[in-house]
Structure formats: C-alpha cells, structure tokens
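See below for the structure under consideration.
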Amino acid sequence: MDVAHFKTGNSSGGSVHDYIARGDGCSGYAGELWTSGGIKWPNDLVADKKKITGILTEMSAGPDQINYIVLGIGINVNMKDFPEELRANAISMAMISGKTYHRAEVIQRVMKSLEKYYRMFLDSGNLAFMKEKYNERLVHMNKEISVHEIRRVWKGVSRGINDIGELIVSTDAGDTIVRSGEVSIRGVYGYAE
C-alpha cells in the first residue's frame, strides 16, 4: 500500500482503518464475536470488556507528507487462557466462540478488509464513509471517559469520531478533538466501560 501521497493532516485514520479491517475480518467467522463487544478508541477491539486485538502504528513523516506507516496488528486467536496478570483484560476469539481458527485464514480476511477500506479511504480522502458504523461499535460512545495525555489527565464524554478519525470528547468547556497517538483512553469504570 502506497502512502507517499498522504498529507500528515490525514494521518489519524490509520487506527480507524485497521479497526474496521480487523472487525470485519474477525466478525466474518462468527457473529458472536460482536454480540458483546466493539471498539475502544483508538486501537483496541474488545469483547466482554476485554481486549481481543490491538494495533501499534509507527509513522515516518516530513513536514507535510507521510513517508510510510507500519501497522503491527495483534489478534488473540486461539488462546485458551492467559497469564494471571492479563486475565482480567484479555480474551481470544476461541474463548468467545469455543472454536479453533486457522490463523492464516484470519490474517487473509483481515488483510482483505484492510485493503477494501484503504481503497475507500483513497477514493474519498476521509473516513466519513465509515464513521456511522465505527461509532455504532464504539464501546464508550456517550460515556464518561478519562483521557491520559503526557502532562495531564482529564475527563469528558466520548462523542464518537469525526470524518478523519479523531475522537470528539465533550467537557464543560465544549468539545475537544483528541488525535490518535496523542493520548490513551481508559474507561472511568474499567478497561472498556
């Protein structure tokens, strides 16, 4: 996938594209993967309030252009158990469905979905085409959240993403835009609440 023509102002959508790819790719196996879960912005898919998949993104950019983006996608596929320190916050596809999955097939479906949504992004230049679907799956939509920035922690109400994948958070002072890579979000009452 060529990203050389991307402008840095449009870069916040990397995680959002990946979500829909992973969500569509994983949910293609069994509807039960989505019955109790959704998206925790910016980079986790959750089920039963536990992380099932996450992403790390590395980007090289100049002042006005992205040189490359590397996505690292981790999907908990066939694990039957996790170490004690992870049990409260991690779950796998197999633990949700009771099935065993072929990892190569999971990767193939995720990559097909990623390519599909990437092409849609290239055609439109933004993420408006997926905003409604994404916001329907956002587990903290219209809920109080805690935003952890480098120098401060503050609270607000999650209002979903805008057309370029940034999170809109309402506070008493008005709406604030939160960009991917700038903050991490923890549910006020637990991992994905």
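Counting only protein heavy atoms and a 1.4 Å probe, region 57-128 has 63 square angstrom of accessible area per residue. At full extension, residue 115 and residue 157 could sit 11.9 nm farther apart than now, given 0.36 nm per residue minus the alpha carbon distance.
For the set 129, 121, solvent exposure ranked by accessible area (probe 1.4 Å, protein chains only) runs largest to smallest as 129, 121. Applying a threshold of 28 Å to the alpha-carbon distances of 40/99; 50/133; 40/80; 99/143; 40/116; 50/143 flags 99/143 as lying beyond it. Ranked by solvent-accessible area (1.4 Å probe, protein heavy atoms only, all chains present), the residues 110, 157, 70 order from largest to smallest as 70, 157, 110. Expressed to the nearest 5 percent, the antiparallel share of DSSP beta bridges inside region 41-162 is 95 percent. Note on surface exposure: 154, 41 rank 154, 41 by accessible area, highest first, 1.4 Å probe.
The values are calculated or read from the model by the stated rules, or taken from the named source; none is laboratory data. Predicted model only: the values in this text are computed from it and were never measured. Each accessible area value is taken on the protein alone, full model and side chains, heavy atoms only, with ligands, DNA and RNA left out. Shrake-Rupley method; radii C 1.70, N 1.55, O 1.52, S 1.80 Å.
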